[in-house]
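The values are calculated or read from the model by the stated rules, or taken from the named source; none is laboratory data. As the structure is a computational prediction, the values presented were derived from the model and not from experiment. Here the Cβ is made from the backbone with ideal geometry for all residues, glycine too, and neighbour counts use every protein chain on show.
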Amino acid sequence: MTPHSLSHDVSGSPGRSCAGCTACCVLPEIGALQKPADLPCPHCSVGQGCRAYDLRPQLCRDFLCLWVTDDALGAHWQPSQTGMLVYRQGAQLTVLVDPSRHGIWRSEPHAADLLQMAQKTEAEGGYLILFCGETVERIRPFISTAAQT
């Protein structure tokens, strides 16, 4: 079976698509498929798409990568380039980082963006959690000492 490219199935920001990206098939744990985090789904043809697209679980059908759906996430956040996947789960903004790219989230411009995302998310009553292999970290917005006085 030929892998199904998602480039035309996800409505998102103009000029953005899933084409060539399979980060959502690799980074998250997918219980419905008994797939652990950071390993490709058994139906994934890495870099191409899903070989069981028509039979994929509802969780996969409903998944929305913020890079595809939200222009506010800059082009430098493209998951296939960064190894980072950003998505919402209710009040939680989740960032999954490919363990082989450990540390990319601490470099610029990503570090500053994460602080801004954390600030916006917390202002809306949520929180930002980052997962990278065994590392789980809540990213909190920077609070200047001037703002505390």
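Scanning segment 111-136 for residues that are among the small types (G, A, S), within 15 Å of the chain's Cα centre (by Cα) and not in a helix (DSSP H, G or I) gives a single hit, G133. When the criteria are applied in full, D98 meets the requirement of being in contact with a Gly (Cβ under 6 Å, 6 or more places away or on another chain) and at pLDDT 95 or above. Of all residues in segment 104-133, those that are β-branched (V, I, T) have Cβ atoms under 6 Å from Cβ atoms of residues that are assigned to a strand (DSSP E or B) and surrounded by 15 or more Cβ atoms within 10 Å (Cβ to Cβ), 6 or more apart or on another chain, in T121/L93; T121/L128; I129/T94.
When each of Q119, Q81 is tested for being at pLDDT 95 or above and either of a type in the set (S, T, N, Q) or farther than 21 Å from S13 by Cβ (or both), the lone residue that passes is Q119. Among the residues making up segment 9-45, those that are without any contact (Cβ under 8 Å) to a residue 24 or more places away in the chain and of a type in the set (D, E, K, R) are D9, E29, K35.
Residue count for segment 94-110 satisfying the condition of being within 13 Å of E137 (Cβ to Cβ) and either under 15 Å from the mean Cα position of the chain (by Cα) or buried (at least 18 other Cβ atoms within 10 Å of the Cβ) (or both): 6. Taking first residues from segment 46-67 that are at pLDDT below 90 and partners that are in a helix (DSSP H, G or I) and of a type in the set (S, T, N, Q), the Cβ contacts under 9 Å between residues at least 6 apart in sequence or on separate chains come to G47/S80.
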